[in-house]
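To start, the structure itself, in structure tokens.
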Amino acid sequence: MKRYGQWALVTGATSGIGRALARQLAAQGMNVVAVARTQGRLDELATELRAKPGVEVRALALDVSTRQGIEALIAAVADLEIGVLIPCAAFESKGYFVETSQQSHEQLLDMDCYGPMRLAHHFGGLMATRRKGAILFVSSLSGWAGQPYMAHYGAAKAYVLSLGEALHHEMKDKGVDVTVLSPGWTDTPMSAGTGIDFASMGMAVMQPEDVASAGLARLGRGQNAVPGFRNQLMVLMMTRWTPRAWLGAMFRMMMKRAGAVPAPA
Ligand SMILES: NC(=O)c1ccc[n+]([C@@H]2O[C@H](COP(=O)([O-])OP(=O)(O)OC[C@H]3O[C@@H](n4cnc5c(N)ncnc54)[C@H](OP(=O)(O)O)[C@@H]3O)[C@@H](O)[C@H]2O)c1
């Protein structure tokens, strides 16, 4: 990691995949800018990471679902050279698209699409001038095909996937490595909070540590990181083996069976 610089910036760093990424980066000797909203959990993480020899931490309590929060983040690290950027925090939604409020859809767009785009544009630009650095985008298997009943979350993750895949190639001209991490079902508060029975969809749960290490291992090596054999099979199924129209129908059925559809009022 240190070939990219001294500092890594991780949003959503206090839980799940983001926390595992922050821990693994610190274990490799990187200094970490950790971003999340809850001060107490940031303080706990900062104390833990600072215990590693030579590791500095800047813990920032900011809301990256707002454009002000994103700008405040950029301003708060203006004195640091960010060598690795991981915009990991995301907002997930499920249920009928038309029954979810417009406000909630806008928040999801800002958090899951605008934030990663703005951060990648800003820090990617600085990396390009230094001709070194890396960006690990965090998409999802949900971004690889339309997801009925998680339609907007899937669409947002497809945006991240497409942006990251394109930048993987484009940023080679600028000396910057870009990879897209697409986790499947991972044991975190976010997946638990959906109430969806992912096991009934044939998915196997992974631990955030394994997802994080798979993502970091692919930086500088490949366009995509899809952790886990079953998830890789799922990607093959979505990209090679099944016509797109069938995929939508199949996911509609699977998501209904998995409890993603709210019972009629
Ligand atoms: N878990 C899965 O099964 C799964 C599968 C595929 C993809 N992913 C993707 O992996 C990434 C991480 O997901 P996760 O499941 O590891 O999440 P998680 O465990 O729920 O952690 C979310 C993190 O983001 C922070 N956060 C939430 N809202 C925020 C906001 N508005 N501003 C700043 N920080 C915020 C949380 O801290 P605070 O609440 O204190 O802010 C926490 O640190 C996401 O991009 C997700 O889409 C997850």
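Nothing in this text is a laboratory measurement; each read-out follows from the coordinates by a stated rule. Since we're looking at a predicted model, the values are computed, not measured. A quick note on method: Cβ atoms are made from the backbone with ideal geometry, for glycine too, and the neighbour counts reach across all protein chains shown.
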Self-check item: Cα-Cα P(r), segment 138-205, percent of pairs per 5 Å interval
Solution: 4, 17, 21, 23, 15, 10, 6, 4, 1
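From the helices alone, meaning DSSP H stretches of at least four residues, give me the mean residue ellipticity at 222 nm for the chain, per-run term -39500 (n - 2.57), in deg cm²/dmol to the nearest 500.
Working: 10 runs with 116 residues, N = 265.
Helix-only estimate at 222 nm: -13500 deg cm²/dmol.
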Quiz item: Given Tyr153, Thr242, Thr38, which one lies farthest toward the positive end of the charge dipole of the chain, if we put +1 on the Cβ of every Lys and Arg and -1 on the Cβ of every Asp and Glu?
Solution: Thr242
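What is the packing order of peptides 144-153, 83-92, taking the mean over residues of other C-beta atoms within 10 Å and listing the highest first?
On the way: 144-153: 20.7, 83-92: 25.6.
By packing density, highest mean first, the sequence is 83-92, 144-153.
Within a 10 angstrom radius of the beta carbon, how do Thr47, Thr186 rank from fewest other beta carbons to most? Show your work: numbers first, answer last.
Working: Thr47 11, Thr186 24.
Listing Thr47, Thr186 from fewest to most nearby Cβ atoms yields Thr47, Thr186.
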Self-check item: Peptide ranges 21-30, 48-57, 217-226 listed from the most packed, as the mean C-beta count within 10 angstrom indicates
Solution: 21-30, 217-226, 48-57
Quiz item: How high is the FRET efficiency between Val205 and Asp79 when r is their beta carbon distance and R₀ equals 41 Å, given to the nearest 0.05?
Solution: 0.55
Quiz item: Mean shadow of the chain, computed from the convex hull of its alpha carbons, in nm²?
Solution: 13.7 nm²
Quiz item: About the Cα centre of segment 2-257, what is the dipole size in debye to 20, counting +1 per Lys and Arg Cβ and -1 per Asp and Glu Cβ, all else neutral?
Solution: 660 debye
Quiz item: Using the Cα gyration tensor of segment 33-191, with a ≥ b ≥ c the square roots of its eigenvalues, what is the shape: rounded (a/c below 1.5), prolate (a/b larger than b/c) or oblate (neither)?
Solution: oblate
Quiz prompt | the chain: relative contact order in percent, alpha carbon pairs under 8 Å with at least 6 residues between | solution = 18 percent
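What's the exposure ranking of Leu236, Leu247, Leu119, going from fewest to most Cβ atoms within 10 Å?
Values: Leu236 12, Leu247 18, Leu119 23.
By the 10 Å Cβ count, ascending: Leu236, Leu247, Leu119.
State, to one decimal in nm², a quarter of the convex hull surface area for the C-alpha atoms of segment 185-265, i.e. the direction-averaged projected area.
Details: hull surface 26.1 nm².
The orientation-averaged projected area of the Cα hull of segment 185-265 comes to 6.5 nm².
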Practice problem: For segment 105-152, state which trypsin sites (Lys or Arg not before Pro) are in a DSSP loop and have at most 10 other beta carbons lying within 10 Å of their beta carbon. | Solution: Arg131
